[in-house]
1. Restricting the range 95-134 to residues that are of a type in the set (A, V, I, L, M) and out of contact with any strand residue (DSSP E or B) (no Cβ under 6 Å at 6 or more places or on another chain), which is least open to solvent (accessible area, probe 1.4 Å)?
2. Can you give me the ranges of the strands (runs of 3 or more DSSP E) entirely in the range 223-312 with at least 1 residues that are modelled with pLDDT of 85 or more and small (Gly, Ala, Ser)?
3. Filter the range 348-380 for residues that are in a strand (DSSP E or B) and either touching a Cys at 6+ places or on another chain (Cβ under 9 Å) or closer than 19 Å to Leu81 by Cα (or both) and give the result.
4. Does Ser169 fit the bill of being at pLDDT below 90 and among the polar types (S, T, N, Q)?
5. Need the failing condition index for Ser393 against (1) touching a Phe, Trp or Tyr at 6+ places or on another chain (Cβ under 8 Å); (2) crowded, with 22+ Cβ neighbours inside 10 Å; (3) of a type outside the set (A, V, I, L, M, F, W, C), just the number.
6. Here are some conditions: (1) surrounded by fewer than 24 Cβ atoms within 10 Å (Cβ to Cβ); (2) within 16 Å of the chain's Cα centre (by Cα); (3) of a type in the set (Gly, Ala, Ser). Ala386 meets all but one. Which one does it not meet?
7. Starting from the range 313-335, keep only residues that are closer than 17 Å to Gly250 by Cβ, then list their pairs with residues that are open to solvent by less than 20 Å² (accessible area, probe 1.4 Å) and of a type in the set (D, E, K, R) whose Cβ atoms are within a distance under 7 Å, requiring at least 6 positions of separation or different chains.
8. Can you tell me which of (1) touching a Pro at 6+ places or on another chain (Cβ under 9 Å); (2) surrounded by fewer than 23 Cβ atoms within 10 Å (Cβ to Cβ); (3) within 28 Å of Val243 (Cα to Cα); (4) of a type outside the set (Gly, Ala, Ser) is the one Tyr146 doesn't meet?
Amino acid sequence: MFTHRTALAAVLTLVFVSTAGSAEALASARAPGAAEAVRAARPKPKPTPTPSPTPSPTPTPAPSPWRLVSSPSPDLSSNVLSAVVAVSATDVWAVGQAGTSTLAEHWDGSTWAVVATPNPAVTGAAQNALLGVAAVSSSDVWAVGYSIADGYATLTLHWDGSTWSVVPSPNPSSRDFIAGPILTAVAAISSTDVWAVGGQLIAQYESPAVIEHWDGRAWSLVSAGALDDVQCVCSLSWVAGRVAGDVWAGGLPVLHWDGGAWSQAAVVAQSQTAASASSATNVWAVGAFRSCPPEVGCSGAPPAVRFAGSSWTSHAPANPTGTEVLDGVAAFAPDDVWAVGYSGLRLQTLAEHWNGSTWTVVPTVNGNLVSNGTNVLSAVSGVSTADLWAIGSYVDSAGRTLTLIEHYTGG
């Protein structure tokens, strides 16, 4: 099963080029520190009851430092978590889609619960989904994605400490979208400086990059620079930034915001679906290897590339089956980086750890191990390297897609 993020991976193999200049400290919207850990008191969200109990996943027999944590699946057949952000040890958000509706789940230190979210598209073949989440504080959280009514439209939701609400977001006037426009990721630098990026749902198609900015009052479209004037597969899958005037975004191209304009900083071999940074010289992007048409099958190590201050370099992850896919990454230090995804041959969950020189597979747990089992981790975040959350989905023996959440506390 492919996640929204995997569908956003492009099909080109490109060469590295150097970036110019240096970067300030960065952080990903899907990484620890995309918003600073906020431990202040906050209004507690009121969970909404789910229609029916969610069956507990069947854990993997193999020993693992990761453990399954029960999570709601409000739809009877289709529930997917796509992004996660940890604000504190008792304040974690995961977002995605349940059926045709947006989905937000919250961890309060003891349980995960569904929190009501709005859905702007409600008629006909309506669809609403959340693909990215980032937080400034416990009472200032953003989630982005898309809605489909008469066509695709960008979607931005805001949490004010008690309620999720729709905040109007613009849509590009370009007609060069087949499955878009959508927003795939968000980075919250401050309450008046939030970036969201995207393109279209199937990033193999030629598409303009979509970049939007929140200034504390409204969302506005921002030019992608030279990419505005070329035909390209330019959908953006991630955005990372902690300092105003120093923000990164990427997919196939890698773009940099210098405070005045976006410019193409690099073209990294293979597409990346997620990024994270612990400093200006420790920026990581991961993704899926694609070097051949999807219909004939692809193999090879997934990309894991690092910006160390002057250029992007490759650090190939472990690739035991030859079909690994990485959909999420969290960087804590140059010798402490986590990446999650799935193993393509068996569609089992995957977690890898970088110790400064080598990537090593760390055993994870799965929701279902039967022959038709599908288990995917889509994102990872944490307040520390000893308090990590990985989220995704799995297919149970009855064919239902259910939410999947795993917790790592060291070991």
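The values are calculated or read from the model by the stated rules, or taken from the named source; none is laboratory data. Every value quoted in this text rests on a predicted model; they were computed, and no experiment measured them. Here the Cβ is made from the backbone with ideal geometry for all residues, glycine too, and neighbour counts use every protein chain on show. Heads up: the accessible areas ignore ligands, DNA and RNA and are worked out on the full protein's heavy atoms, side chains in. Shrake-Rupley method; radii C 1.70, N 1.55, O 1.52, S 1.80 Å.
1. Top of the filtered list is Ala126.
2. In the range 223-312, 236-243, 246-251, 262-267, 271-279, 282-288, 304-307 are the strands (runs of 3 or more DSSP E) which contain 1 or more residues that are modelled with pLDDT of 85 or more and small (Gly, Ala, Ser).
3. Gln348, Thr349, Leu350, Ala351, Thr374, Asn375, Val376, Leu377, Ser378, Ala379, Val380
4. Details: at pLDDT below 90: no; among the polar types (S, T, N, Q): yes.
No; evaluated as a whole, the condition is false for this residue.
5. Evaluating Ser393 over (1) touching a Phe, Trp or Tyr at 6+ places or on another chain (Cβ under 8 Å); (2) crowded, with 22+ Cβ neighbours inside 10 Å; (3) of a type outside the set (A, V, I, L, M, F, W, C) leaves (1) as the failure.
6. Of the numbered conditions (1) surrounded by fewer than 24 Cβ atoms within 10 Å (Cβ to Cβ); (2) within 16 Å of the chain's Cα centre (by Cα); (3) of a type in the set (Gly, Ala, Ser), the odd one out for Ala386 is (2).
7. Asp327/Arg5; Gly328/Arg30
8. Among (1) touching a Pro at 6+ places or on another chain (Cβ under 9 Å); (2) surrounded by fewer than 23 Cβ atoms within 10 Å (Cβ to Cβ); (3) within 28 Å of Val243 (Cα to Cα); (4) of a type outside the set (Gly, Ala, Ser), the lone unmet condition for Tyr146 is (2).
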